1. Quick one: if you stick a label point 7 Å off each Cα along the C-beta vector at GLU180 and ALA87, how many nm between them?
2. Counting only protein chains, not ligands or nucleic acids, how are ARG149, ARG295 ordered by accessible area (probe 1.4 Å), most first?
3. Extension gain ALA170-GLU255, at 0.36 nm per residue separation less the Cα-Cα distance, in nm?
4. Considering the dipole of the stretch 117-233 built from charges on the beta carbon (Lys and Arg +1, Asp and Glu -1) around the Cα centre, which of LEU185, ALA132, ALA199 is farthest to its positive end?
5. What accessible area per residue comes out for the stretch 93-157, rounded to a whole number of Å², with a 1.4 Å probe?
Amino acid sequence: MRYLVMVAATALLLTSGCSKRAEEPRSPDLKSFDVSESRDSAAASGSGDARAEPSGMVPPSIGPTAAPGVAFNYKYDFQLADEKISAVQEAHAARCEALGVARCRITGLNYTIGAHDTVSATLEVKLAPDIARSFGREASGAVIQAGGRLSHTEFTGTDTAPSTGNAISAQGEAQARIAEIEQRLSANPKDAERAQLQAELAQLRQTVSGAKAQLADNRAALASTPMSFNYYGKGGISGFAGRNPLVDAGQSFVESMVAMITVVLQLLAYVLPWLLLLGLLVLVWRLPPFRRLSRWWKGKSMESQDVVAD
């Protein structure tokens, strides 16, 4: 009877285990996101988490050029091996030169090796607005191919539409008023009125000149897009201006220890010769001839004291 109960319990446990396993839900099929796919295709497939691999930190696919009248400024921060910064920077500069000065101009370049062999570099260019995004993507791709990554991207823009509208309005009003004043001046007004009209005419012409200058500045801002590349070595962190605070702290500790040891050695260098001289004099004074001379001198001194006492 005992054996029958054990067999029945074992069968019951096996049956319940099989039923639980059959009730477990199947895990959904996972779809990995390829950074080469467009964001539109990712949205169509229902994938909302488009995470790239750490080695493929690509810039976001955002189109700031969709905002007309906005002068954009692009900034990219890259982090890669110190020994590869120079080659990548040169490749970016060569790509700009290949586009021609009408499409891309280099406005600044810097390459620095810090006190602790930390490497950082910058490259500043001005691009035709229609190729700015593609140039930034190509530059990021070159960094990724060199084993680096994009650590920070920033697109800032200045809306020139309000200032352009104000300048056009001010210019139109001033020119209309200038036409009225010139018509009144042609009628040979009195001297006082003429002087007043001429003073107002000079101010209006300055207003027109300022409006034209503002419009020229806005056109120049929209005609080219500034883009800056900041390269930081592996020893640096972009948020700390390319420096690593932990490494800097360690270097400061070592420099402080070196400075302390240097000061101690300098003090010994100044004091030790005098101590050696003093020790040598003591050693010489303790030699037998000098000891006899010392006893003789003491004896002479005692005899002198006895004579004086008598």
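1. 7.1 nm
2. Details: ARG149 85, ARG295 145 Å².
Ranking ARG149, ARG295 by accessible area, largest first, yields ARG295, ARG149.
3. Working: separation 85, 0.36 × 85 = 30.60 nm, distance 6.25 nm.
Computed gain between ALA170 and GLU255 is 24.3 nm.
4. Of the candidates, LEU185 comes out farthest on the positive side.
5. Working: 3410 Å² over 65 residues.
Result: 52 Å² of accessible area for each residue.
The values are calculated or read from the model by the stated rules, or taken from the named source; none is laboratory data. Everything quoted here is computed from the prediction, not taken from an experiment. FYI the Cβ positions are ideal-geometry reconstructions off the backbone, even for glycines, and counts take in every protein chain you see. Surface areas here come from the heavy atoms of the whole protein model, side chains and all, with no ligands, DNA or RNA. Shrake-Rupley method; radii C 1.70, N 1.55, O 1.52, S 1.80 Å.
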